[in-house]
Structure formats: structure tokens, C-alpha cells
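Report on the following structure.
The values are calculated or read from the model by the stated rules, or taken from the named source; none is laboratory data. Remember, it's a predicted structure, so these values are computed and weren't measured experimentally. Using ideal geometry, Cβ is built from the backbone for each residue, glycine included, and neighbour counts are taken over all protein chains shown.
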Amino acid sequence: MARLTRDEIIQILEDAGCTTAFIDQYLETLDEGTTKEQLRLLIGQRCRQLECVHTEQKKLDCIDYLRYQLQKEQEQKKK
């Protein structure tokens, strides 16, 4: 498998929504060749992004609950 270029890595991190500060920090570890640190950074970033997903899911759950209540109320009025 071909190794990713620096530009490809930057593009992937940007596409993943990483901040410039994170990308700079990651590139620093890339230059130093510390794979263990690269993995630590990526795992940390993934955890932060997953937490954001969970937060947004909770918001969607609230909207869905309100929508459900309104639909239920509307159905009861029809009876």
C-alpha cells in the first residue's frame, strides 16, 4: 500500500473537520516519526468528534419527542 503524502494527510484531516491547530500538531508528530503519538492524537480527535455526534443525537431525540407528542395530540383530536 502506498504511503499517503503530506498533502493527502492534510486534506483528510481537513475533511474530517480537524482544526488548524490539531493539523499542525499532527504534522509535527509526523515529522518526528512518532507513530504512537499520531495514533494518540487521532484517537483523541475521534473521541471528541464522537461526543459531538452524541450531543447532536440528543438534540434530535428532543425534536423527535416533541414531534411525536404533537402527532399524538393531533391524532387524539381527530377521534
- Item | helices (runs of 4 or more DSSP H) contained entirely in the chain, each with at least 2 residues that are surrounded by fewer than 10 Cβ atoms within 10 Å (Cβ to Cβ) and modelled with pLDDT under 95 | 35-78
- Message: List the residue pairs whose Cβ atoms are under 7 Å apart, where the first residue sits in the stretch 34-54 and is without any contact (Cβ under 8 Å) to a residue 12 or more places away in the chain, the second is surrounded by 12 or more Cβ atoms within 10 Å (Cβ to Cβ), and the two are 6 or more positions apart or on different chains.
- Response: GLU37/THR29
